Amino acid sequence: MSEQTESTDIPVEVTGKKDVEETVEGMQQEDMSNENNEPETAPEETSEVDQLKLERDELKDMLSRRVAELDNAKRRWQQEKDDLSSMTTMVVLNKMLPIFDDLHRALDSAREAQKVETVIEGLKLVLNNATTTFTEMGVERMHSVGEIFDVNKHEALVRQPSDKPENEVLTEFKAGYMYKDKVLRHAQVVLSAGQPEGE
């Protein structure tokens, strides 16, 4: 008499021990066959990950090179800036040296001079040469006396009553200078406070 057993998938008729073994073996072979037939996606996924890592490394390398190039460019720019500043300073100092030469000659002449007028003439010569040098470099002296106070050019030290209009520059305590169209030094001035009250 035959016995009937249930499988999780297909009912199988079993007639003996040998039949059971053959049935189990067949089911195992079928499972292995099904596993072999499944699509293999792992290698493809691994390949995509490797590609992304490669691209990431290339971008990091490119970024590192760009940062290094930027640092080098900044250093070159700073060096060029420093060199230009030094050259400009040297040009100015070279133009100032003749003034020092004139001052030394004026001092030597003053020691031997018998008249004050001779010393004064020597100082005038030094001043004229210095003025010429500054003019060649674009430096001009302001003429503030008689002008109305301008905060962009003048520095008021004091106000005093006078018959001049209020805020007119009466005198210069220290002259101001312009370098081309820019203020090199503000003029220190005395301003008119206008007519005293009651007059």
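What follows is calculated from the coordinates using simple rules that are stated; it is not laboratory data. Because the structure is predicted, anything quoted here is derived from the model rather than measured. Here the Cβ positions follow ideal geometry from the backbone for every residue, glycine too, while neighbour counts run over all protein chains shown.
P(r) tail for the range 139-199, what percent of Cα pairs lie past 19 Å? Here the long-distance tail beyond 19 Å is 29 percent of all Cα pairs in the range 139-199. For a paramagnetic label modelled at 7 Å from the Cα of Val119 toward its Cβ, which residues of the range 77-110 fall within the zone defined by backbone nitrogen distances under 14 Å? 106-110, by backbone N distance to the label point.
The Cα trace of the range 78-199 gives Rg and Dmax of 19.9, 66 Å, the first to one decimal, the second as a whole number.
Sorted by packing (mean other beta-carbon atoms within 10 Å per residue), highest first, where do 51-63, 88-100 land?
Working: 51-63: 10.0, 88-100: 11.8.
By packing density, highest mean first, the sequence is 88-100, 51-63.
Sorted fewest first by neighbouring Cβ atoms within 10 angstrom, Leu191, Leu84 come out as Leu84, Leu191.
Can you tally the net charge around Asn72? Count Lys and Arg as +1, Asp and Glu as -1, for every other residue whose Cβ sits under 14 Å from the Cβ of Asn72. It works out to a net charge of +2. Evaluated at q = 0.26 Å⁻¹, the base-10 log of the normalised Debye intensity for the range 44-137, with identical point scatterers placed on the Cα atoms, takes the values -1.17.
Give me His186, His104 sorted ascending by neighbouring Cβ count inside 10 Å, so fewest comes first. Numbers along the way, then the final one.
Details: His186 18, His104 11.
Least to most surrounded, the residues fall as His104, His186.
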